[in-house]
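Asks: Have a look at this one.
Every number in this text was worked out from the coordinates using simple rules, so none of it is lab data. Here the structure is a predicted model, which is why all the values come from computation and not from measurement. Because the Cβ atoms are built from the backbone with ideal geometry, glycine has one as well, and the counts that use them run over all protein chains shown.
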Amino acid sequence: RLLIIDFGSQVTQLIARRLRELNVYCEIHPFQSVTDAFLDDFAPKAVILSGGPASVIDEGAPRPPAKVFDLGVPILGICYGQQVMMQMLGGEVLRGEGTAEFGRAYVEPADKRIDLLTGWFLEGREQVWMSHGDHVSRLAPGFEVIATSPGAPFAITADLARNFFAVQFHPEVHHTPNGRTLYENFIRLAGFKGDWTMAAYRDEAIRLIREQVGDAQVICGLSGGVDSSVAAVLIHEAIGDQLTCVFVDHGLLRQNEAEEVVSMFRDHYNIPLIHADEAELFLGALEGVSDPETKRKTIGKLFIDVFQKYADQIEGAEFLAQGTLYPDVIESVSFSGGPSVTIKSHHNVGGLPEKMGLRLVEPLRELFKDEVRALGHELGLPASFIGRHPFPGPGLAIRCPGEITRDKLEILRKADAIYIDQIRKHGLYDEIWQAFVAILPVRTVGVMGDGRTYDYACALRAVTSVDGMTADYYPFSHDFLGETATRIINEVKGINRVTYDITSKPPGTIEWE
Ligand code: XMP
């Protein structure tokens, strides 16, 4: 296995992701916990030293134990990792004055060709992502220059006798397009076969959950979404009936959603589940509310109250399980520390643990969405469930601009079910990141048969996206749109006009509120 020593870079997890994509097992450990004894015990086959925000020039700057360099295994130092390695091995690092580089840069090969760079420089220079203030000014003995960039004469250096490699840029990020090849070469020369799988991840995660939880009880807020579901099933595999799920039904779910979730977890998986049917409470509190932020805040607050009420009934609960993913973890860390604008108050159960005095179990913290899906698959969750489009915590409330009424919700549920049915029938579901209907707060005049109608208009939404941060509308064919509009108007009483939302994000958002 491979050891990643973390010096606190924002993107350390991406290194792990690149390696997992290459089917290599790795663990990230903060530099403080990597002692000589730890290294003996871990016995890594290769080591990666991550980037980090510190400066090696400062007193007390984080360092790996010197023993790392005596293990006789390949080492890759990235950014801060490169600098600390150079310094500890006898080179020199200087504070950047005029040599800082941030963002896109291009590296050019020096004369020497090495295995680490097989597949690189095929078309001349390579784009890389730099983010450094300090720079190496003198190489440690044994190192030679392999590639340079305008701001980093030592962009890639290596001590080939020891298989030590040092790069100034971040090969793990998307903006270093050929970075994956570099990792691939590194693990190959370290002798990894690339035979690690999600099954192994699952076993390891189960071991860690057991270790963390012991005999205590765990509660898990289940939303019916992929993340919390995968977390629940995984934890249930680890600790069985020590887990109780609480499914808060706020009356803003889609057609048949509550029944499906409850039956899957209770009947299929035999996971103890409390179905908190609190529709009256939520819909009552939302009566007359049309401001989007007020809706979100009302729902968020009630959600916490209700969850707490049910959780209090579970005796001996010490842990709260959450399906937090790695992007949630990075997003919650502020890059600049400066204030950011709230576009929408996202609703989740954050804030609960402090209030309830519970500790967190977050077995998906290191994973990205597609990895969670792979893990769900490994755990035997049905494919149709794993591939479900995301659904927001506040549910249909934010797809019903203006005042929410039970009538409107009922109409919306029916229209949405038909729209999704159409998308599935045409084989488009998996191409689309998210699709839904919004019921609009306007009624328009129509004619059906020989009669006048005066009913609601609705908008269809479908977007493609990688992460929900940006999105583009999905280019349905006119035939598809026409057929779907006809079905909705014919089959749903209360809607007589269908529109298609062709706004991208930005400037729009995916949801209507
Ligand atoms: P927007 O509308 O901000 O949505 O473009 C981006 C993605 O986030 C989902 N979303 C939410 N998810 N709680 C959630 O769990 C929320 O409050 C929430 N608001 C939006 C939205 O469905 C889309 O996938």
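Asks: Distances over 32 Å make up what percent of all Cα-Cα pairs in the chain?
Replies: Here the long-distance tail beyond 32 Å is 52 percent of all Cα pairs in the chain.
Asks: Could I ask something else about it? Going highest first, how would you order 280-287, 157-164 by mean Cβ packing within 10 Å?
Replies: Per-residue Cβ counts within 10 Å, averaged per peptide and sorted highest first, yield 157-164, 280-287.
Asks: In addition: Which helices, counted as full DSSP H runs in the chain, have an axial Cα extent of no less than 18 Å and a Kyte-Doolittle average of 0.5 or above? Intermediate results must be reported in sequence, preceding the final value.
Replies: Working: long enough: 198-213 (22 Å, -0.28); 226-239 (20 Å, 1.36); 292-311 (28 Å, -0.55); 406-425 (28 Å, -0.74); 478-491 (19 Å, -0.44).
In the chain, the long hydrophobic H runs are 226-239.
Asks: Shifting gears a bit: Report, in debye and to the nearest 20, how large the dipole of the chain comes out about its Cα centre when Lys and Arg carry +1 and Asp and Glu carry -1 on their Cβ.
Replies: Numbers: 48 positive and 70 negative charges, 161 e Å.
About 780 debye.
Asks: Along segment 146-157, what does the Karplus equation 6.51 cos²θ - 1.76 cosθ + 1.60 (θ = phi - 60°) give for ³J(HN,Hα), rounded to whole Hz, x for Gly and Pro?
Replies: 10, 7, 10, 9, x, x, 9, x, 10, 4, 10, 10
Asks: Starting from the Cα of Asp58, move 7 Å in the Cα-to-Cβ direction to define the label point; list residues of segment 1-25 whose amide nitrogen is under 14 Å from there.
Replies: Flagged as within label range: 7-9.
Asks: A further question on this structure: Explain nothing, just compute: Karplus ³J(HN,Hα) = 6.51 cos²θ - 1.76 cosθ + 1.60, θ = phi - 60°, for every residue of segment 444-451 in order, whole Hz, x for Gly and Pro.
Replies: 10, 8, x, 9, 10, x, 9, x
Asks: If amide hydrogens are placed 1.01 Å from N in the peptide plane, which non-local residues have theirs closer than 5 Å to the one on Thr453?
Replies: Answer set, sorted by chain and number: Gly446, Val447, Met448.
Asks: Taking the mean number of other Cβ atoms within 10 Å as a proxy for protection, how do you rank 473-483, 239-249, 391-401, 296-306 from highest to lowest?
Replies: My ranking of the peptides, most packed first, is 391-401, 239-249, 296-306, 473-483.
Asks: Next up: Take peptides 166-177, 66-77 and line them up by average Cβ neighbours within 10 Å, highest first, as a rough protection proxy.
Replies: Taking the mean over residues of other Cβ atoms within 10 Å, the ranking is 166-177, 66-77.
Asks: As I understand it, the dipole of segment 404-500 uses +1 on the Cβ of Lys and Arg and -1 on the Cβ of Asp and Glu, about the Cα centre. Which of Asn496, Gly468, Gly427 lies farthest toward its positive end?
Replies: Asn496
Asks: Also, I was wondering about something else. Arrange the following residues from fewest to most other Cβ atoms within 10 Å of their Cβ: Tyr80, Tyr25, Tyr454.
Replies: Neighbour counts put them in this order, fewest first: Tyr454, Tyr25, Tyr80.
Asks: Could you list which residues have their amide H under 5 Å from that of Cys245, counting only those 5 or more apart in sequence or on another chain, with H placed in the peptide plane?
Replies: Those lying under 5 Å, H to H, from Cys245 are Cys220, Leu273, Ile274.
Asks: Within a 10 angstrom radius of the beta carbon, how do Phe265, Phe31 rank from fewest other beta carbons to most?
Replies: Phe31, Phe265
Asks: I've got another one for you. Where does each of Val445, Val261 land when they are ranked from fewest to most other beta-carbon atoms within 10 angstrom? Walk me through the numbers on the way to the answer.
Replies: Values: Val445 10, Val261 23.
Arranged by neighbour count, lowest to highest, Val445, Val261 become Val445, Val261.
Asks: For Tyr500, what residues show an amide H to amide H distance below 5 Å, using hydrogens built from the backbone and excluding near sequence neighbours?
Replies: Leu460
Asks: Hey, another quick one. From the helices alone, meaning DSSP H stretches of at least four residues, give me the mean residue ellipticity at 222 nm for the chain, per-run term -39500 (n - 2.57), in deg cm²/dmol to the nearest 500.
Replies: The helix-only estimate for the chain comes to -9500 deg cm²/dmol at 222 nm.
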